[in-house]
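Below you'll find the structure, written out as structure tokens, and then a few comments.
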Amino acid sequence: SFTYGKHSDRDLLPFIFYMSILFAVNVLCYKTFDEISGTCSNLLGDGVSQEDCCLNDQYGFQLTENGACQSCRGAQWSKWSSWSACSVSCTEGVQRRSRVCYGYHEGTCPIGTRDREMKSCLLKECCPVMGGWSEWSSWGPCSVTCRTGTQARERTCTNPTPVCGGNCTGYNRETKTCDTRQICPTHGNWGSWGPWQPCSHTCSIEGSARQPHQQRSRLCNNPPPSFSPPGKPCPGPREESQSCTGLPYCPRDGNWGGWKPMQPCTVTCGVGQILQKRLCDNPSPKYGGKNCLGEDVRRQPCTVKVPCPVDGHWDEWGPWTSCSRSGFEIECDEIPASQKRNRKCIGRRDAGKPCAGLRMETRVCYSFEGCPLPGTWSVWSPWGLCEPVCGPEPKRTRKRVCTDCPTVSELCEHNITFSGNPKPQCKQLEGQELEVVEETRLVGFELPNCRQLAAAEVACSTAF
């Protein structure tokens, strides 16, 4: 895989961020920023200054109503998107995924890291091969003994049989009309019942014993009886009726009561909301009456000019120190020693929580720096990502390396680290002593031009 589209219109967003603070630009302030889709939700209010909105770095904002959503946090990569569907349904194809650098409060994402990746995929080893039809069978008997019916014949998809999920084009059965030259009597049959007629009232008076009625009818036309030869008439009644039981009481519409006192601001730092509620109880709806029209809650933004706390988080572990033991020469010998590494708690501010866990850790080690050891060739590594992501004929590689393994069996049974870089000794493989690399090209693949693909993605993100 390879990285492309590192410099785009989003690179100007930190500059726009600080310029908007300089000129006190009002923005649309949102409580939630989705780092996967790059969208904002839960609008706190418009006309909020960008400086106030970003007192909480979990918030997001828009400079304009249709503008791109921006995050208040420090710059960092979003989570990788899911791998796309395989580009082909059979034989080998490719899949892609991407991520986006969001955040304009401080800092930038690491230079040289990837924002897109591609890998090969194989959904099906082979592609479908169509089959062929056999000869039609003889026509079957007529389906009726009087008037006209149908005859059918069939064929099978076996000449040849399809391979790898293929099939035959067309139908395996066909019919034609047949005439017995005999007249059949037609017996009458009822059509479907018509709909129930409306009741005399749509609601009943509470406490009344009288119930309205409704009727429905049907016709003897499915089919009507024949005259010659004579068919039988339809059995049973043509009409039926029933009482309209269970009608609702006549409805009463609801009406709003007065607004309740305003509630306190919903946050203790940054921008929140003040809520005011009312109830549909003057009177409340009854017996299916309409609910009150309009909102039962009204909101307005409120600002607590206190920066919100940001909890600290651990930076990456530093490198392990060299394996050593005071007063001992431990290289290439079975003498246990120790080594340690440290990490820093970064990003904490405004009374945020300190990092949980240890700042330093140690481990037991044996020093094998520069020691000659018997080596063995590893198995082939998995195929790497395709390079380049766009352009003609991408390639991928895998390798085998000469690795060492301590031979002291009792040490292998404990949680001990062998520190340093020993010199494994392997027999030559394909003329190499330490590493063998195999490369293959995906012949026939013509991928889009990188600039065209980046331009299309920028246009797509702007549309949303």
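A Cβ distance below 7 Å, combined with a sequence gap of six or more or placement on separate chains, defines the contacts here; from segment 420-440, residues that are open to solvent by 100 Å² or more (accessible area, probe 1.4 Å) reach residues that are of a type in the set (Asp, Glu) and at pLDDT 80 or above in the pairs Asn421/Glu369. Across segment 258-289, the number of residues qualifying as open to solvent by less than 60 Å² (accessible area, probe 1.4 Å) and either assigned to a loop (DSSP other than H, G, I, E, B) or more than 30 Å from Ser49 (Cβ to Cβ) (or both) comes to 10. Can you name every residue in segment 71-105 that is under 24 Å from Val310 (Cβ atoms) and in contact with a Lys or Arg (Cβ under 9 Å, 6 or more places away or on another chain)? Within segment 71-105, Trp77, Ser78, Lys79, Arg99, Val100, Cys101, Tyr102, Gly103, Tyr104, His105 qualify.
Set side by side, the residues Thr245, Thr186, Thr169, Thr175 differ, and just one is surrounded by 11 or more Cβ atoms within 10 Å (Cβ to Cβ) and either outside any loop (DSSP other than H, G, I, E, B) or within 52 Å of the chain's Cα centre (by Cα) (or both), which is Thr175. All conditions in (1) surrounded by 13 or more Cβ atoms within 10 Å (Cβ to Cβ); (2) within 30 Å of Phe33 (Cβ to Cβ) hold for Glu154, with the sole exception of (2). One residue alone among Arg396, Arg348, Arg325, Arg363 is closer than 30 Å to Gly74 by Cα and out of contact with any helix residue (DSSP H, G or I) (no Cβ under 7 Å at 6 or more places or on another chain), and that residue is Arg348. Just one of the listed residues (Asn255, Asn221) is open to solvent by 80 Å² or more (accessible area, probe 1.4 Å), more than 30 Å from Cys72 (Cβ to Cβ), modelled with pLDDT of 90 or more and not aromatic (Phe, Trp, Tyr), and it is Asn221.
The number of residues in segment 222-242 being in a strand (DSSP E or B) and without any contact (Cβ under 8 Å) to a residue 12 or more places away in the chain comes to 0. Mind counting the residues in segment 83-111 that are under 26 Å from Thr440 (Cβ atoms) and either open to solvent by less than 70 Å² (accessible area, probe 1.4 Å) or part of a loop (DSSP other than H, G, I, E, B) (or both)? Residues flagged as under 26 Å from Thr440 (Cβ atoms) and either open to solvent by less than 70 Å² (accessible area, probe 1.4 Å) or part of a loop (DSSP other than H, G, I, E, B) (or both) within segment 83-111 amount to 15. Within segment 290-341, being open to solvent by less than 80 Å² (accessible area, probe 1.4 Å), outside any loop (DSSP other than H, G, I, E, B) and not basic (Lys, Arg) holds for Val297, Pro301, Cys302, Thr303, Val304, Val310, Trp314, Ser324, Ala337, Ser338, Gln339.
Residues of segment 112-135 that are open to solvent by less than 30 Å² (accessible area, probe 1.4 Å), in contact with a Pro (Cβ under 8 Å, 6 or more places away or on another chain) and assigned to a loop (DSSP other than H, G, I, E, B): Gly131, Gly132. Here Thr108, Thr150, Thr113 are screened, and the one residue that is of a type in the set (Ser, Thr, Tyr) and without any contact (Cβ under 8 Å) to a residue 60 or more places away in the chain is Thr150.
Could you grab me the full set of residues in segment 57-79 that are at pLDDT 85 or above and loosely packed, with under 15 Cβ neighbours inside 10 Å? Once the filter is applied, which keeps residues that are at pLDDT 85 or above and loosely packed, with under 15 Cβ neighbours inside 10 Å, segment 57-79 yields Gln58, Thr64, Glu65, Asn66, Gly67.
Residues in segment 37-56 that are assigned to a helix (DSSP H, G or I) and open to solvent by 30 Å² or more (accessible area, probe 1.4 Å): 1 in all. When segment 342-368 is examined, which residues are found to be of a type in the set (Lys, Arg) and open to solvent by less than 80 Å² (accessible area, probe 1.4 Å)? Of everything in segment 342-368, those that are of a type in the set (Lys, Arg) and open to solvent by less than 80 Å² (accessible area, probe 1.4 Å) turn out to be Arg343, Arg349, Arg363. Counting only residues that are part of a strand (DSSP E or B) and more than 22 Å from Thr417 (Cβ to Cβ), which one in segment 367-388 is nearest to the chain's Cα centre (by Cα)? Out of the qualifying residues, it is Glu387.
Checking segment 192-200 against the condition returns a match, with at least one residue being modelled with pLDDT under 85 and open to solvent by 50 Å² or more (accessible area, probe 1.4 Å). State yes or no: is Gln211 touching a residue at least 24 places away in the same chain (Cβ under 8 Å), of a type in the set (S, T, N, Q) and assigned to a loop (DSSP other than H, G, I, E, B)? For Gln211, the condition - touching a residue at least 24 places away in the same chain (Cβ under 8 Å), of a type in the set (S, T, N, Q) and assigned to a loop (DSSP other than H, G, I, E, B) - is met. The set of residues in segment 351-366 that are part of a loop (DSSP other than H, G, I, E, B) and either closer than 30 Å to Pro424 by Cα or of a type in the set (Lys, Arg) (or both) comprises Lys353, Arg359.
The values are calculated or read from the model by the stated rules, or taken from the named source; none is laboratory data. Quantities reported herein were computed from a predicted structural model and do not represent experimental measurements. Cβ coordinates were reconstructed from backbone atoms using ideal geometry, including for glycine residues, and neighbour counts include every protein chain displayed. Remember, those area values only see protein heavy atoms, side chains included, never the ligands or the DNA or RNA. Shrake-Rupley method; radii C 1.70, N 1.55, O 1.52, S 1.80 Å.
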